[in-house]
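Encoded as C-alpha cells, the structure appears first; notes follow it.
The values are calculated or read from the model by the stated rules, or taken from the named source; none is laboratory data. Remember, it's a predicted structure, so these values are computed and weren't measured experimentally. Cβ coordinates were reconstructed from backbone atoms using ideal geometry, including for glycine residues, and neighbour counts include every protein chain displayed.
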Amino acid sequence: MRRRDEGDAATGIVAASYARYSSDQQDASSIDQQRRKCREKAAENGHDLRPEFEFADQAVSGTRVDRGGFQELLAAARDRKFQVLYFESLSRMARELVISIATLKELVYVHKIRVISTSEGIDSDRAGWELLAFFRSWMHGEFLVALRSAVLRGQEEAVLSDYSVGDWCFGYASEPIPGSETGRRGRNAKSRMRVVVREDHARWVRQIFHWFVTDRWSIDQITRELTRQNAPKDHRATKPHWHHDYVLRVLKKRKYLGVWPWGRKTNVRNPLTGQVSQEDRTVAEVVKYERERPALRLIDDLTFFKAEELLAANAAKIGACRTPDGRIRGSTRDSSRPRHLLQGLIRCGACGAVFQVSGAGGRYLGCTGYRAGSCACRPRLRRDRAERLVLAAVGDSILQNPVWHQAVLDHARAAWETRQASRPDDKVEIETRLSAVDGRIARLVDAIEAGTAGPEVQERLDERRRERGELLRRRSTLTRDESVQHTPPTAAWVTDQLKVLRGLISSGEPAAAVALRTLLGAIVVVEVAPVDRRRSFLRGTAAPSVGSVLGDGGTGGGASPGPLVIDFTDAPPWASIADRVKDLFDRGVEYAAMTAQLACPRSWPAKALTWWHRERGLPPPDGRKCRARLTRESKTG
C-alpha cells in the first residue's frame, strides 16, 4: 500500500470511531472517554470525525461479531461513507485474533480505509503495522485466557471449601458467614456465603413432587396450579408466571437429594463468531467438585427416583412424536392426562385415526383422517351425547351386569392366589437385592471420599441409586398389598370395587377419562346407514377385559364376557311408544284409535311399528296390507 506523507492530511476527509465496553458493571463514561481520545487524535490529523459515525457497543463482549454497533461500522465501511477509522485500543474492536486481523485486512485492503489506534501506535499508513496489530491482537486474546483461568481458580477454591458460588436454586438461599471477611483482600472485603434452606420456597418444592408422584398430576396441571396460587420462583426468574420447562427442571434437580454437583459443563467459544456453547467436562474433572450436603436435602430417595421413573416414561412416550432434532411434531395421541372424557378413546374403524375435537366451540368429535382427506368417515359425534351414551352403556352392560360381576370375581380370586403364592419369594428377593445395593453404594462413596475413584464411578453410583429407588418402590407396593387384603376377594368386595369405579367414571374428573380408557381400551366406530333414515350414524364396538375393571390391564387372564356395542344416536321420539303400538297392532286396533289412545301425532303409530320390527331384525309390515287400519277420513284425506 502506498505510504502517505505525515503532513499530507487534507481537510474534508471523513473519519469514524468505534468504542466499546464489555461489562454491565461499567457505565457510559467509558464510551465517552474513548470517544474523546478519538476526537482529539482526529483533530490533530485534520480529519472530520462526525457524530453520526461514532459507532459504539455497550456491555457486549469483544469476542462476538454480532454486535450492533460493530455491524453498523462494517456496513458504513462497505458503503465507503468514511475514509479513516479511529479506536482507542485494538481490544475495543475485538478480543479474538482471527476476528481482529480479518476485520483489519478487510477495512484496509478491500475498502481502502486507514485504521488508527490512539493508544497503541497502530496506523495502517505506516510500515510494519500488520506485525504490531497481530502482536497486540494476540495479547488481547491471551488476556481473556488468563482471566478465565483466574476466575476458575477462585471458583474452585470456594467450591472445595463448601462456600456458595451462586449455584443455589429454588428452595434455597445464601447468607453471609459471620467473620469470614477477615483476611480477605480488598478495601471493602465481603463475607463468604453459604447455602441455606429457604423454607417458604422449600415447601413448594415438596408440594411439586407430591403433586407429580403421589397425586399423579401432569406437568401442565402443576404449572397452572402454581401460577394460580402465585407461588414464588427462583431468584433468577425473569417472568412472574410458572412454565412447563421450569417445573420439569425442578423435578430433575439432584440438589434436592443433598447431592450438589458443580462444573459439569464448560463454556466453549467459537473463535470465528464468538458464539458460546457448553460441553460436558470429563467425569474425572467433575467428581472432585461434587459435594454431599445432607442438611440441604428436601426430597427423599424414593420420591425422587419415582419422579425420575415417571419423567422417563413421559419422555419415551413423547419421543415417538418428536422430529430428529427434538421438536414436537404435534400433540400426543395417547396422553395419560386427557382434557375431556373421551380423548383418545374413539377410533375410526375405516382408517384407525383417533377422533379429535372439532366443530364450532369444540362440541363434536371427528375423524382426523376425514379432515385430512384420507378417510371417507364423515359423520361426527356430539361430545355431550357420546359421553352420555358411553357412560350409560358402561353402567348397564358392565357395572350392573351379573355376568360381569361373576367374571370379575373369578379373575380377582385367581390373581389373589397367584400373588399369595409368589409374595414370600418376592419379599426375600427384594430384601436380598437391597442389602447388596446398599453395600455397593457405600463402597463407591468410600472410593470417592478417598480420592481413588476412577472416571466412571459417578455414573455407577447414579445407576446404583436408581436401582435402590426401584427396589424401595417394589417393597412399598408389596407391603401395601399385604396390608390391603389378607383374605380372598368376595362378591361383596367386587360389588364395592365396581361401585367405586362407577363413581369415578361418572365424576367428570381427569381421572375418570383415564379409568374409562383403561376399562374399554378403545371404541372402534363404523358408519351405519339405516334404511329408514336419511342420515347415517356411528356404531361403536369395544372389547373391555375383566382384568381392566380391577386396574391390572387384564393380566393373568380375564377375557371379556362379550363385546360392548354402542349406537351413537338417540332413538326417535316414537320409540317410546313402540311396544304399546305393537301390542295394539296385534289386537287389530286402527291407527286413529292408537293416536287417540296414546295422545301422539297421527304419523307416529306407523313409524313406531316399523321401528319396532327393524330394531329386532324383522321385516316391517307391508304398508299395503295395513290400509285397513286407516280410518275413512285418513283414506280420503
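Annotations
- Here Glu157 does not qualify as among the acidic types (Asp, Glu), assigned to a helix (DSSP H, G or I) and at pLDDT 90 or above.
- Check on Ala393, modelled with pLDDT under 75 and more than 22 Å from Thr490 (Cβ to Cβ): no
- Note on the range 250-265: residues that are within 12 Å of Arg291 (Cα to Cα) and either touching a Leu at 6+ places or on another chain (Cβ under 6 Å) or in a strand (DSSP E or B) (or both) amount to 3.
- Check on Ser164, over 44 Å from the mean Cα position of the chain (by Cα) and either within 30 Å of Ala15 (Cβ to Cβ) or part of a loop (DSSP other than H, G, I, E, B) (or both): no
- Within the range 77-118, if we keep just the residues that are in contact with a helix residue (DSSP H, G or I) (Cβ under 7 Å, 6 or more places away or on another chain) and part of a loop (DSSP other than H, G, I, E, B), the residue that is surrounded by the fewest Cβ atoms within 10 Å (Cβ to Cβ) turns out to be His111.
- Residues in the range 135-159 that are surrounded by 15 or more Cβ atoms within 10 Å (Cβ to Cβ) and either in contact with a Cys (Cβ under 6 Å, 6 or more places away or on another chain) or within 30 Å of Ala43 (Cβ to Cβ) (or both): Arg136, Ser137, His140.
- Taken together, Phe55, Phe82, Phe87 contain a single residue that is within 22 Å of Ala133 (Cβ to Cβ) and free of Cβ contacts under 8 Å to residues at least 60 places away in the same chain, which is Phe55.
- Lone unmet requirement of (1) under 22 Å from Arg50 (Cα atoms); (2) hydrophobic (A, V, I, L, M, F, W, C); (3) in contact with a Ser or Thr (Cβ under 7 Å, 6 or more places away or on another chain) for Ile101: (1)
- Residue in the range 282-336 that is modelled with the lowest pLDDT, counting only those that are basic (Lys, Arg) and in a helix (DSSP H, G or I): Lys317
- Contact annotation: residue pairs with Cβ atoms under 9 Å, 6 or more positions apart or on different chains, pairing a residue in the range 510-527 that is in a loop (DSSP other than H, G, I, E, B) with a partner that is of a type in the set (A, V, I, L, M), are Gly521/Leu345; Gly521/Ala542; Gly521/Ala543; Ala522/Leu345; Ala522/Ile346; Ala522/Val354; Ala522/Ala542; Ala522/Ala543.
- Which listed residue is farther than 30 Å from Lys252 by Cα, at pLDDT 70 or above and buried (at least 19 other Cβ atoms within 10 Å of the Cβ), from Val528, Val524, Val494, Val500: Val494
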